[in-house]
Amino acid sequence: MAESSSQSANDISGSRQAPSEDFVRLFTQCQRTLYLFILPLVQTTADAEEVLQETNVVMLNKWSQFELGTNFLAWCRAIARLEVFRFRRSRHHRVLLLGDDVVGLLADQMEEQPIDFELRRNALAECIGKLRMQDQELIRRRYTTESNGDNVAHQLGRPANSVYQSLGRVRRVLLECIRRRMAAGGTP
């Protein structure tokens, strides 16, 4: 009995090897970037999530075809692009605002974009952490709520012009900090 259940487990898995640890690391690290690649190519976030899921299925099925040391994100994007087109064909009953040729051009443009979105986001978080506490509070009030500079000025009891000047100064400091981090390869 135990022998037949282990036999059926092998039949289900197709007796394929599991993805390598390196592949799994690359796979998990690219999920957000891949989602952001897919999102503008489809109509809704739900569509993007569905295409990402299908892309992941294909990537996991073809993991052994990826050669470590080559550009993993480019490989993922190529699969995602095909999955976007497959998804669009399967949804032919829906009105598509963009033709396949336009979606292809968008995908080309996005592939040419730098791959450093996550590095920039991490650099921003580190740079915010290095700000003075009052500047961190100013940024938090301005960007974590639906406040504008006038609302923040009112909350802080400061003139609006003063708050806008402070926000401008803090943005310049953050921009310069991010540029330095990116020039150093995104490392602290």
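Read the figures in this text as sums done on the coordinates, not as results from a lab. Because the structure is predicted, anything quoted here is derived from the model rather than measured. All Cβ positions, glycine included, derive from the backbone under ideal geometry; neighbour counts span all protein chains shown.
Worth a mention:
- A simple rule links phi to the HN-Hα coupling: the Karplus curve 6.51 cos²θ - 1.76 cosθ + 1.60 with θ = phi - 60°, which for the stretch 163-170 gives 5, 4, 5, 5, 4, x, 4, 5 Hz, with x for Gly and Pro.
- In terms of packing, defined here as the mean over residues of other Cβ atoms within 10 angstrom, the peptides 129-136, 151-158 line up highest first as 151-158, 129-136.
- Taking packing as the residue-averaged number of other Cβ atoms within 10 angstrom, the listed peptides 30-36, 43-49 run from highest to lowest as 30-36, 43-49.
- Here the relative contact order of the stretch 117-183, from alpha carbon pairs under 8 Å that lie six or more residues apart, stands at 41 percent.
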